[in-house]
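The values are calculated or read from the model by the stated rules, or taken from the named source; none is laboratory data. Please read these numbers as outputs of a predicted model, since none were measured by experiment. Note: ideal-geometry Cβ built from the backbone for every residue, glycine included; neighbour counts use all protein chains shown. Keep in mind that these areas ignore ligands, DNA and RNA; they rest on the heavy atoms of the full protein, side chains included. Shrake-Rupley method; radii C 1.70, N 1.55, O 1.52, S 1.80 Å.
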Amino acid sequence: MNFLELKPVTNSLLAFGLLGIGIINAIVVLIAIGQITPSKYLKFFQRAHRIIGYFFLALYLFICVIMFKKLGEFNALPPKAVIHAYIGIAIFPLIVIKIGIVRLFKKFYNRLPFYGMILLIAVYLQVPLYAGLYIISAIKSQYVSLSDKGRLVWVNVNMGRKIVQQKCATCHSLERVYAYAKSEAGWRDYVARMRAKDPVFMNDREALNALGYLVKNLGIDETKMDIQVGMRIILEKCHKCHAIERVFTSRKTPVEWTNTIELMRSFDPLLLDDFEARQVNYYLSKVLARHELGQNKEEILNMKQRSDFLIR
């Protein structure tokens with residue numbers, strides 16, 4: 001993994017680390033200029049202030065590289081991100097001015113505490129704007145584990161919900177999304193097809209968060225048969241070829257429903273995958289199937305075997 005591809009929570013902790021270093025350095029310089037300690041310790045605090053300042057500068061530049069990389073993932077920055085970026089960029093000239101005074105313009109030396117406090121306030125305004133809100137959101141959020149590029153990652157479900165609401169609603173109604181019943185593989189295919197229509201519309205991280213929300217809240221377990229899932233698939237799929245009433249007004253035996261499902265799949269192989277076919281057959285056999293009392297034992301046994309084969 002690229003060392004710049006850090007988790008959002010790691011980025012937030014780095015930002016709080018930058019603020020902590022700034023506060024420590026401010027305390028050190030206030031002790032040095034406040035004559036709180038004996039003069040023999042003055043050089044020690046001055047040296048400590050300089051070393052801590054180097055750490056501050058290195059961490060700031062490292063965070064800037066990460067943030068500029070992240071900015072490249074956005075097509076248009078939201079207002080909060082714009083403010084965050086401007087404050088972050090404004091910190092750099094403040095650091096340059098402070099270093100310039102120390103190295104080149106000694107006559108402005110007495111103004112260093114003033115510039116230092118402005119720099120600390122800028123960092124303070126910068127960090128809570130994104131890192132603080134993210135930490136609070138992360139504490140309250142739900143997470144789901146998903147496979148991504150051969151490794152398991154934790155995905156923020158709450159962020160995924162916001163992405164689905166913001167992105168999906170630009171092309172179609174959200175009811176279209178919430179009406180679907182899909183397994184994790186089905187939702188992966190769905191998200192991939194939506195992204196293929198406009199590759200720059202959603203970046204990889206947004207797509208993964210959206211997938212996490214869809215799997216967590218709208219996903220179905222492929223290993224379990226569920227009547228509600230079968231009904232949702234029928235409502236989603238069957239109206240594409242004929243009126244939905246045709247399904248619910250028909251009365252067929254389980255064998256006839258099995259044959260009907262396979263007939264529909266022969267017309268359109270992409271209409272139902274194996275999982276969807278099993279769920280639909282389970283619903284039809286449990287809810288809409290007609291059981292004839294006059295069927296002999298052999299016919300009932302054959303019917304059960306064929307139904308069980310499709311369900312498996």
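Would you be able to tell me the number of residues in segment 117-127 that are modelled with pLDDT of 80 or more and open to solvent by less than 50 Å² (accessible area, probe 1.4 Å)?
The total comes to 4.
So, of the residues in segment 147-204 that are part of a loop (DSSP other than H, G, I, E, B) and aromatic (Phe, Trp, Tyr), which turns out to be surrounded by the most Cβ atoms within 10 Å (Cβ to Cβ)?
Filtering first and then ranking leaves Tyr180.
If I ask for residues that are farther than 20 Å from Tyr190 by Cα and acidic (Asp, Glu), which ones from segment 223-277 would you list?
Asp226, Glu245, Glu256, Glu262
Restricting to helices (runs of 4 or more DSSP H) lying wholly in segment 218-292: which have 3 or more residues that are under 30 Å from Asn158 (Cβ atoms) and in contact (Cβ under 8 Å) with a residue 24 or more places away in the chain?
In segment 218-292, 227-237, 274-283 are the helices (runs of 4 or more DSSP H) which contain 3 or more residues that are under 30 Å from Asn158 (Cβ atoms) and in contact (Cβ under 8 Å) with a residue 24 or more places away in the chain.
Can you name the residue in segment 242-289 that is open to solvent by 80 Å² or more (accessible area, probe 1.4 Å) and at pLDDT below 85 and, of all such residues, is farthest from the chain's Cα centre (by Cα)?
This residue is Arg251.
Of the residues that sit in segment 1-59 and are modelled with pLDDT of 75 or more and of a type in the set (Gly, Ala, Ser), which one is surrounded by the fewest Cβ atoms within 10 Å (Cβ to Cβ)?
Going through the qualifying residues, I end up with Ala58.
Testing Lys107 on (1) closer than 30 Å to Met225 by Cβ; (2) at pLDDT below 80, one condition comes back false. Which one is that?
(1)
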